[in-house]
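S.K.: Shown below is the structure under consideration.
Derivation of every value follows stated rules applied to the coordinates shown; laboratory data play no part. Predicted model only: the values in this text are computed from it and were never measured. Note that we place each Cβ from the backbone using ideal geometry, even for glycine, and neighbour counts take in every protein chain shown.
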Amino acid sequence: MSSEFLWYIPNDTKPGHRGDSAVENHNSLETLTSHARALEEHGWKGALIGTGWGRPDTFTVAAALAARTTSFEPLIAIRPGYWRPAQFASAAATLDQLSGGRVRVNIVSGKDNLSAYGDSEGDQAHRYDRTREFMRLVRRLWTEESVTYEGEHFRVAQSTAAPRIQARGERRHPKLYFGGASQAAESVAATEADVQLFWGEPLDDIGERIERLTSLSKALDRDLAPLEFGLRITTLVRETSARAWADAEAKVARMAEDNGAGWHDHRQSIAVGQRRLFDLNARGDVLDDNLYTAPGKFGGGGAGTTWLVGSAEEVAGSLRKYRELGITHFVLSDTPYLTEIRRQGDQLLPLLRD
């Protein structure tokens, strides 16, 4: 299977996300459109659009950007509970039709300010059971007609999402991306996800997780196409290795000075996957060839906890090693976002073409 390369659009009301330089009108339609069009022009497939209560609505942003572009594919992060399955299935099917089949979906189950939008959930097992039901029901609504379902968390009667998803080659519906490292999350990924996204862990750790998820898929009698795997990571690319490491260390020094302001949007509750990233620094500031763990000590969270640092050739070499493990979906980013869309699109992506 060929590899796909997406970027990241933070979609935040506050400027300066992870050191971004854009301040004025940073989240205006014009600014976000300039990013989406630059992605088209510099070889990217699309971008993950961040979500969370207190951010602009992700689906609305994705629809606006799809309308202003021709090939840009939004990977729309959404939360069960914020959406009901039938409501989301219909909205996504509509946008998929209007955009010519460009919708991708990232299911997020991490904690959020649920009460602010009227949601509630129990413990971790409850949260992932609900996510499992959500993913299964949405897929059924996209691929079946007159669906009747009554589960523990959701129910529908004679429900058919319209318009119908149009099959495009082997693509029967938008792919469902999913992340999570806990036992409960991996069970959901093994049975319901189309793509399991990992954060930037060392190669051996990712390899172990791929083997475990592949075995778990068989043990749980997965009835979907084989699970695919993706990597969401920060890539700091410069013309030379020395320049890249100097800039990386300078960024971390600035993070240390202001306690990681604007960087730690995944620290509100530390999930299993985030804890795995924080724990990496005990093994060294640099793992494998160029996996930089120091950002996690000074405020980096989520995909900003570990970075691949180096020249385009060095970073491409590391990404190829992940690809050899079975990673086929890559979601990369660095700041300033617009500058790096162009730099990495022109310097890094040509080295990664199949």
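S.K.: Taking amide H positions as placed 1.01 Å from N in the peptide plane, with prolines and chain starts having none, which residues 5 or more places from Phe198, or on another chain, fall under 5 Å of its amide H?
M.R.: Residues meeting the amide H criterion: Gly230, Leu231, Arg232.
S.K.: Still on this structure: Within the stretch 115-166, report the GluC sites (Glu not before Pro) that DSSP leaves as loop and that have at most 10 other Cβ atoms within 10 Å.
M.R.: Answer by residue number: Glu152.
S.K.: Would you mind computing, in nm to one decimal, how far apart the modelled labels at Lys297 and Arg342 are, each placed 7 Å from Cα along Cα→Cβ?
M.R.: That separation, rounded to one decimal, is 3.5 nm.
S.K.: Could you state the number of Å between the C-alpha centres of the stretch 275-354 and the stretch 96-163?
M.R.: The two parts, judged by their Cα centres, are 31 Å apart.
S.K.: Arrange the following residues from fewest to most other Cβ atoms within 10 Å of their Cβ: Phe298, Phe330.
M.R.: Phe298, Phe330
S.K.: Of Gly302, Phe330, Ser318, which is farthest along the charge dipole of the stretch 296-348 in the positive direction, counting Lys and Arg as +1 and Asp and Glu as -1 at C-beta?
M.R.: It is Gly302.
S.K.: Further question: Find the relative contact order for the chain and round it to a whole percent, using C-alpha pairs within less than 8 Å whose residues are 6+ positions apart.
M.R.: 19
S.K.: Here's a follow-up. Can you work out ³J(HN,Hα) from phi for every residue in the stretch 274-285, in order, using Karplus 6.51 cos²θ - 1.76 cosθ + 1.60 and θ = phi - 60°, giving whole Hz and x for Gly and Pro?
M.R.: Each residue's phi maps through the Karplus curve to give 5, 4, 4, 5, 4, 6, 5, 5, 5, 8, x, 6 Hz.
S.K.: Which of Lys111/Lys218; Lys175/Lys218; Lys111/Lys297; Lys14/Lys321; Lys14/Lys175; Lys45/Lys175 have a Cα-Cα distance over 24 Å?
M.R.: Cα-Cα > 24 Å for Lys111/Lys218; Lys14/Lys321; Lys14/Lys175; rest within.
S.K.: Residues with amide H under 5 Å of Val105's amide H, sequence separation 5 or more or different chain, H placed in the peptide plane at 1.01 Å from N; which?
M.R.: Those qualifying (amide H under 5 Å, at least 5 residues apart or on another chain) are Ile76, Lys175, Tyr177.
S.K.: Taking the DSSP beta bridges in the stretch 145-249 as the whole, what percent of them are antiparallel, to the nearest 5?
M.R.: The answer is about 35 percent antiparallel.
S.K.: Take every DSSP beta bridge whose two residues both sit in the chain, then give the antiparallel share in percent to the nearest 5.
M.R.: In the chain, approximately 15 percent of DSSP beta bridges are antiparallel ones.
S.K.: Tell me the mean residue ellipticity at 222 nm calculated for the chain from its helices only (DSSP H runs of n ≥ 4, each -39500 (n - 2.57), averaged over every residue, nearest 500).
M.R.: That calculation yields -12000 deg cm²/dmol at 222 nm.
S.K.: In whole Hz and in residue order, list the ³J(HN,Hα) couplings for the stretch 334-340 that follow from phi through the Karplus curve 6.51 cos²θ - 1.76 cosθ + 1.60, θ = phi - 60°; x for Gly and Pro.
M.R.: 6, 10, x, 4, 5, 4, 6
S.K.: Can you tell me the length gained on complete extension of the stretch Glu211 to His153, counting 0.36 nm per residue apart and subtracting the Cα distance?
M.R.: Full extension of this stretch gives 17.8 nm more.
S.K.: I would also like to ask the following. How big is the dipole moment of the chain about its Cα centre under a simple scheme where the beta carbon of each Lys and Arg is +1, that of each Asp and Glu is -1, and everything else is neutral? Debye, nearest 20, please.
M.R.: 560
S.K.: Do you know the relative contact order of the stretch 31-168, to the nearest whole percent, from alpha carbon pairs under 8 angstrom that are 6+ apart?
M.R.: 22
S.K.: Note down the relative contact order for the stretch 165-205 as a percent, whole number, built from C-alpha pairs under 8 angstrom at least six residues apart.
M.R.: RCO, the stretch 165-205: 34 percent.
S.K.: Quick one: if the Förster radius is 22 Å, what FRET efficiency do Arg323 and Asp223 give, using the C-beta to C-beta distance and rounding to 0.05?
M.R.: Calculated transfer efficiency: 0.25.
S.K.: When the Karplus curve 6.51 cos²θ - 1.76 cosθ + 1.60 is applied with θ = phi - 60°, which whole-Hz ³J(HN,Hα) does each residue of the stretch 15-31 get, with x for Gly and Pro?
M.R.: Rounded to whole hertz, the list is x, x, 4, 6, x, 4, 8, 5, 10, 6, 6, 5, 10, 6, 4, 5, 5.
S.K.: Please give, to one decimal in nm, the separation of the simple spin-label points placed at Asn25 and Asp119, each 7 Å out from Cα toward the Cβ.
M.R.: Taking the simple label geometry, Asn25 and Asp119 are separated by 3.2 nm.
S.K.: Would you indicate which of (1) 4, 20, 29, 28, 16, 3, 0; (2) 5, 25, 36, 25, 7, 1, 0; (3) 5, 20, 24, 18, 12, 7, 5, 3, 3, 2, 1, 0 is the value of P(r) over Cα pairs in 10 Å bins from 0, in percent derived from the coordinates of this structure?
M.R.: Identified label for the calculated read-out: (2).
S.K.: OK, next. Please give me the summed charge of the neighbours of Ala89: other residues whose Cβ is under 10 Å from its Cβ, Lys and Arg +1, Asp and Glu -1.
M.R.: +3
S.K.: Let me ask another. So between Glu145 and Arg254, what do we pick up on full extension, going 0.36 nm a residue minus the alpha carbon distance?
M.R.: That pair, Glu145 and Arg254, stretches by 33.8 nm at full extension.
S.K.: What does the net charge come to around Ala157 if you take all other residues with beta carbon closer than 14 Å to its beta carbon, with K and R at +1 and D and E at -1?
M.R.: 0
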